[in-house]
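Q: Take this structure, written in structure tokens, and hold onto it; I'll ask about it next.
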Amino acid sequence: MSMFLDQVTISVKAGKGGDGMVAFRREKYVPDGGPAGGDGGRGGSLILVVDEGLRTLMDFRFNRHFAAEPGENGMSKSMHGRGSEDRYVKVPAGTTVRDKETGALLGDLLTHGQELKVAQGGRGGRGNIRFATPRNPAPELAEKGEPGQERQIELELKVLADVGLVGFPSVGKSTLLSIVSKARPKIGAYHFTTLVPNLGMVSTQDGDSFVMADLPGLIEGASEGVGLGTQFLRHIERTRVILHVIDMSGMEGRDPFEDYLLINKELESHNMRLLERPQIIVANKMDMPNAEENLEIFKQKIAELKEDEFSDDIPIFAISGISRQGIEPLLNATAKLVDITPEFPMYQDEEVEEVVQYSFTEEEPDFTVSRDDDATWVLLGEKLEKLFVMTNFDREESVMKFARQLRGMGVDDTLRKMGAKDGDLVRIKEFVFEFVD
């Protein structure tokens, strides 16, 4: 079942944990004050949260990088650093979140206020209070903060139109759509014979956004089902507001008012309660000769029609797609109307696609060893690199601890088995040291 997808990839980065502190108590009558270095604070995580006011991923077209704050470093006098606030990023309901690299599904965000943590903040490094033992009561040892998680995620929103453009061919619907929606999402084209609805994300100067679809081919027997796929009808069913575009120049030898009645009759014949939706009449091509007089006549006829049928006032916006006059007021009025119009319940229930994610991750080894062209042994691996980043190499004790951790993981044995000799160079990230057998 093909759907319109609005897709965007963003990069998220959680905050790094604060570094632990090496400090000692200095008290007048305590000869060697004990350790007093505090722990670093936790880095902020990055969390997506659903905001029902959003309808598109428009906001992410201009801002694609989101980072949370790092934790505060530990301090002397056993004071711990402050943890950072998590950062919340708003997304529309119906957003599917995947990891860009692995393609794994991270979550489906469906209901208002629902949250999904997409990058975990780093934990703070431990201060030297934590490393005191009876054997070593005054350790000069503290950890650096853990790095925050960093990844690229893909947001995907199944888009259904909020606003439908109707009108005869060549009244300027496509022109209008191309002017108001500068952003072109990746759009899955419909595969029916001749008709492809164009879809655009529209954002107004007031910061509202909505989805507008040009609904082609409603005319010429479309209601008898010629060429129209059911998915397409779902688009029309979902629209909350209909923009009725009319060519006021009457250039094609047509009568604007007749066109208006004809299209409404067509909407009615779809038997989808389309006439119950609020309409805005868009009087287009107002830059052409005769358009002003035609609009006056049109307004009179509409007023007479209203007296006959007791129908509501239908707002009329005069615009020119070509010279772009009158566009902004029309968009603002449309956005307001979309906001106050509830969704229309329809006859068939929409099928909900079940998303099941099977993922199988092999147990990753703690480290891998390879050899560079210059004969340096290279150590790689997430666990090992994390230990490396959290080690403070300016302090002898931290370096010794790191060496013990590597030995415990079996790095020394592995290097020996692979033929490493005393004095060979070993590299972790950008740090190079000698192998001592």
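Q: Is there a residue being part of a strand (DSSP E or B) and among the hydroxyl-bearing types (Ser, Thr, Tyr) anywhere in the stretch 107-121?
A: Checking the stretch 107-121: not a single residue is part of a strand (DSSP E or B) and among the hydroxyl-bearing types (Ser, Thr, Tyr).
Q: If a residue must be open to solvent by 20 Å² or more (accessible area, probe 1.4 Å) and over 15 Å from VAL12 (Cβ atoms), how many such residues does the stretch 105-142 contain?
A: Of the residues in that region, 20 qualify.
Q: Take PRO345 and decide whether it is in a loop (DSSP other than H, G, I, E, B), modelled with pLDDT under 85 and surrounded by 10 or more Cβ atoms within 10 Å (Cβ to Cβ).
A: Taking the combined requirement at face value, the residue does not satisfy it.
Q: List the number of the failed condition for ASP413; all other conditions in (1) over 17 Å from GLU146 (Cα atoms); (2) in contact (Cβ under 8 Å) with a residue 40 or more places away in the chain hold.
A: If we test ASP413 against (1) over 17 Å from GLU146 (Cα atoms); (2) in contact (Cβ under 8 Å) with a residue 40 or more places away in the chain, just (2) comes out false.
Q: Would you say ARG238 is among the basic types (Lys, Arg), under 14 Å from LEU160 (Cβ atoms) and either open to solvent by 40 Å² or more (accessible area, probe 1.4 Å) or modelled with pLDDT under 80 (or both)?
A: yes
Q: What tally of residues in the stretch 245-266 results from selecting those that are in a loop (DSSP other than H, G, I, E, B) and either surrounded by 13 or more Cβ atoms within 10 Å (Cβ to Cβ) or among the charged types (D, E, K, R) (or both)? Don't jump to the end; show me each part of the working.
A: First pass over the stretch 245-266, keeping only residues in a loop (DSSP other than H, G, I, E, B): 248-255.
Applying the additional criterion that residues be either surrounded by 13 or more Cβ atoms within 10 Å (Cβ to Cβ) or among the charged types (D, E, K, R) (or both) yields 248-252, 254-255.
Selection size over the stretch 245-266: 7.
Q: Mind telling me which of the residues VAL426, VAL399 ends up being aliphatic (A, V, I, L, M) and in contact (Cβ under 8 Å) with a residue 24 or more places away in the chain?
A: Checking each option against the conditions leaves just VAL426.
Q: Run down LEU384, LEU379 and say which single residue is free of Cβ contacts under 8 Å to residues at least 60 places away in the same chain and either assigned to a strand (DSSP E or B) or on the phi > 0 side of the Ramachandran plot (or both). Lay out the reasoning, then the answer.
A: Values: LEU384 fails: either assigned to a strand (DSSP E or B) or on the phi > 0 side of the Ramachandran plot (or both).
Result: LEU379 is the single residue among LEU384, LEU379 that is free of Cβ contacts under 8 Å to residues at least 60 places away in the same chain and either assigned to a strand (DSSP E or B) or on the phi > 0 side of the Ramachandran plot (or both).
Q: I need a count of the residues in the stretch 43-67 that are aromatic (Phe, Trp, Tyr) and touching a residue at least 24 places away in the same chain (Cβ under 8 Å). Show your work before the answer.
A: Let us first name the residues in the stretch 43-67 that are aromatic (Phe, Trp, Tyr), namely 60, 62, 66.
Cutting the leftovers down to touching a residue at least 24 places away in the same chain (Cβ under 8 Å) gives us 60, 66.
Final tally of qualifying residues: 2.
Q: For MET75, indicate whether it is modelled with pLDDT of 85 or more, open to solvent by 50 Å² or more (accessible area, probe 1.4 Å) and not in a strand (DSSP E or B).
A: So MET75 fits the description; yes.
Q: I would also like to ask the following. Modelled with pLDDT of 75 or more and surrounded by fewer than 19 Cβ atoms within 10 Å (Cβ to Cβ) - does that describe any residue in the stretch 180-187?
A: no
Q: Within the stretch 140-169, track down each residue that is at pLDDT 85 or above and under 25 Å from ARG25 (Cα atoms).
A: The answer is LEU141, ALA142, GLU143, LYS144, GLY145.
Q: Would you please list the contacts, defined by Cβ atoms under 8 Å and residues six or more apart or on different chains, that run from a residue in the stretch 255-275 that is over 19 Å from GLU343 (Cβ atoms) and hydrophobic (A, V, I, L, M, F, W, C) to a residue that is at pLDDT 75 or above and open to solvent by 30 Å² or more (accessible area, probe 1.4 Å)?
A: PHE257/ILE297; PHE257/LYS301
Q: Still on this structure, please answer the following. Name the single residue that is nearest to ASP366 (Cα to Cα) among those in the stretch 396-430 being touching an Asp or Glu at 6+ places or on another chain (Cβ under 9 Å) and loosely packed, with under 13 Cβ neighbours inside 10 Å.
A: Restricting to residues being touching an Asp or Glu at 6+ places or on another chain (Cβ under 9 Å) and loosely packed, with under 13 Cβ neighbours inside 10 Å, the top hit is ARG407.
Q: Any residue that is exposed (fewer than 15 other Cβ atoms within 10 Å of the Cβ), in contact (Cβ under 8 Å) with a residue 12 or more places away in the chain, more than 11 Å from the chain's Cα centre (by Cα) and part of a loop (DSSP other than H, G, I, E, B) - is there at least one of those in the stretch 86-94?
A: Among the residues of the stretch 86-94, not one is exposed (fewer than 15 other Cβ atoms within 10 Å of the Cβ), in contact (Cβ under 8 Å) with a residue 12 or more places away in the chain, more than 11 Å from the chain's Cα centre (by Cα) and part of a loop (DSSP other than H, G, I, E, B), which makes the answer no.
Q: Just one of (1) in a strand (DSSP E or B); (2) within 28 Å of ASP214 (Cα to Cα) trips up ASP59, so point out which.
A: (1)
Q: Looking for something open to solvent by 90 Å² or more (accessible area, probe 1.4 Å), modelled with pLDDT of 85 or more and at negative phi - is there at least one such residue anywhere in the stretch 353-361?
A: no
Q: Based on this model, can you work out whether GLU364 counts as closer than 28 Å to GLY122 by Cα, at pLDDT below 85 and loosely packed, with under 13 Cβ neighbours inside 10 Å? Walk me through how you get there before you give the answer.
A: Details: closer than 28 Å to GLY122 by Cα: yes; at pLDDT below 85: yes; loosely packed, with under 13 Cβ neighbours inside 10 Å: yes.
The answer is yes for GLU364.
Q: Here's something else I'd like to know. Of the numbered conditions (1) in a helix (DSSP H, G or I); (2) modelled with pLDDT of 80 or more, MET288 satisfies every one except a single condition; which is it?
A: (1)
The values are calculated or read from the model by the stated rules, or taken from the named source; none is laboratory data. Because the structure is a prediction, the values reported are computed rather than measured. A quick note on method: Cβ atoms are made from the backbone with ideal geometry, for glycine too, and the neighbour counts reach across all protein chains shown. Accessible surface areas use protein heavy atoms only, side chains included; no ligands, DNA or RNA. Shrake-Rupley method; radii C 1.70, N 1.55, O 1.52, S 1.80 Å.
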